[in-house]
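Presented below is the structure to which this report refers.
The values are calculated or read from the model by the stated rules, or taken from the named source; none is laboratory data. For clarity, every value in this text was computed on a predicted model and none was experimentally measured. Here the Cβ positions follow ideal geometry from the backbone for every residue, glycine too, while neighbour counts run over all protein chains shown.
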Amino acid sequence: MIALIKSLLTRLISADLLKRLIKFTFQLLILLLPTQLALHFWPDWAYVYGFKIDYFSPTIYLTDILAILLFVFWTIQGFLRRTSQKRPYDKYIYLSAITILVVFVGINIYLAKSPWVAIYKWAKVIEFLLIGLFVARAKDFDFGSWIAKPLSFSLIAVSILAFVQFSLQETVGGLFFLFGERSFTATTPGIATFTMFGRELLRPYSVFPHPNVMAGFLGVGFFLLLRNLSRKSKTPIYYILSLVVTSLALVLSVSRGAWIAFVLVGLSLIAAKFNVDIFKRLYLLIVVSIIAMSLLLPIVSDRLLFSLGHIETVNHRLHLAKEAGTLIAENPIVGVGIGNYILGLVESSDFPKVTWWLQPAHNIFLLTFSETGFVGFYTFVLLLLTVITKAILRKENILLAALLFVVLTGFLDHYWVTLQQTQILFAVLVGLMFRKKG
């Protein structure tokens, strides 16, 4: 039966065509990664206090469709290439891991404050895991043509749009709306601005939900391009252009957290040039320190609020961190349910009933711990330490730099584990760190 199915598939689609389809689909996914073009659904459980909560809305993005096509083509390719050779030990490990994962996910969903939200979020986690697995395991994979080239064009486009938005002090509109650009000006209530020479100016969003998200995406994108640059004897002009405009757009984002992270990561790379051992020790010290400080944040939040609470953004972040600590204490093993942090937040009487307060904790470690408990937090940290170890052994210093940028910005924000564009980019980065070569 299997032989018959293989024969039919081989007649319908050649191995060479299938390989080209996989490459093209993945390149298109990377090229369109920043876009927010999507279809949103609004069931009753996607509302809080009558407000639509974007984080709860089941959403089908254009990048989801591309990811599904990629998985279909890759599955067919794997089926056609499959041999009768068996590896029982590997199969036992995979089945054991999947069984444990299914049991944990089931418990997390069952105990979640909103099981529907948890089901949707776990479906997204599976999608991102598959993207990472594809990057780690895909055959005939070439970093330069599969990732660096489409990413460079993507970064140029979103950076130029950011420049135009800043010069106009409003969004461009038109067709850019289809790619995720929102409609606003510097005077729109709640929009991100900064003050320079006594004038309030718009922080450009490009096609991202917030300038901080744009900065995070640009930062990791920059380091991925830098990795390809270090491998090439001849550098195409668009690589140089992409690195330049990405750096300028990162500055223009006025994301202070991303600025600090970018400088620290740059210094760590310089240290690696002179002494690799110092780089490794410094790298591990920073990562472990960030995780430890994240766990301590709810404990010291009251003291920090007393001294820094007058700064509105700091006040908000510290309150969210404090609430994360409360949720962790109440649900230490499996959490409140993945994606359910906001529902735990609304049960606190200390929070104003306004939509802009309804956000996830601005720390990826606290957010993971509060939503998935110690089990999820331990798994997440173990994943990070595993990819770090693999990258250190393979001397992938630039990939390590990119991950360090994620960890540093993840100490101050949540978008690496909550928003489509950065979640996929994070999955791609982790997949690259698992690859043996390419």
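Observations, loosely collected:
- Of the helices (runs of 4 or more DSSP H) that lie entirely inside segment 1-85, those containing 3 or more residues that are modelled with pLDDT of 95 or more and of a type outside the set (Phe, Trp, Tyr) span 15-31, 62-81.
- Tally, over segment 162-181, of residues that are touching a residue at least 24 places away in the same chain (Cβ under 8 Å) and either within 21 Å of the chain's Cα centre (by Cα) or surrounded by fewer than 13 Cβ atoms within 10 Å (Cβ to Cβ) (or both): 5
- Residues in segment 374-390 that are out of contact with any Phe, Trp or Tyr (no Cβ under 9 Å at 6 or more places or on another chain) and either among the β-branched types (Val, Ile, Thr) or under 22 Å from ALA271 (Cα atoms) (or both): LEU384, LEU385, THR389.
- Members of segment 232-247 found to be touching a helix residue (DSSP H, G or I) at 6+ places or on another chain (Cβ under 8 Å), assigned to a helix (DSSP H, G or I) and loosely packed, with under 15 Cβ neighbours inside 10 Å, listed by number: TYR238
- Candidate set: segment 332-356, residues that are of a type in the set (S, T, N, Q) and surrounded by fewer than 20 Cβ atoms within 10 Å (Cβ to Cβ); chosen: the one modelled with the lowest pLDDT: SER349
- LEU243 meets the stated requirement of being hydrophobic (A, V, I, L, M, F, W, C) and within 22 Å of PRO150 (Cβ to Cβ).
- Condition met for PHE380 (in a helix (DSSP H, G or I), in contact with a Ser or Thr (Cβ under 6 Å, 6 or more places away or on another chain) and surrounded by fewer than 22 Cβ atoms within 10 Å (Cβ to Cβ)): yes
- Residue match in segment 260-276 (condition: surrounded by fewer than 20 Cβ atoms within 10 Å (Cβ to Cβ), at pLDDT below 95 and on the phi > 0 side of the Ramachandran plot): no
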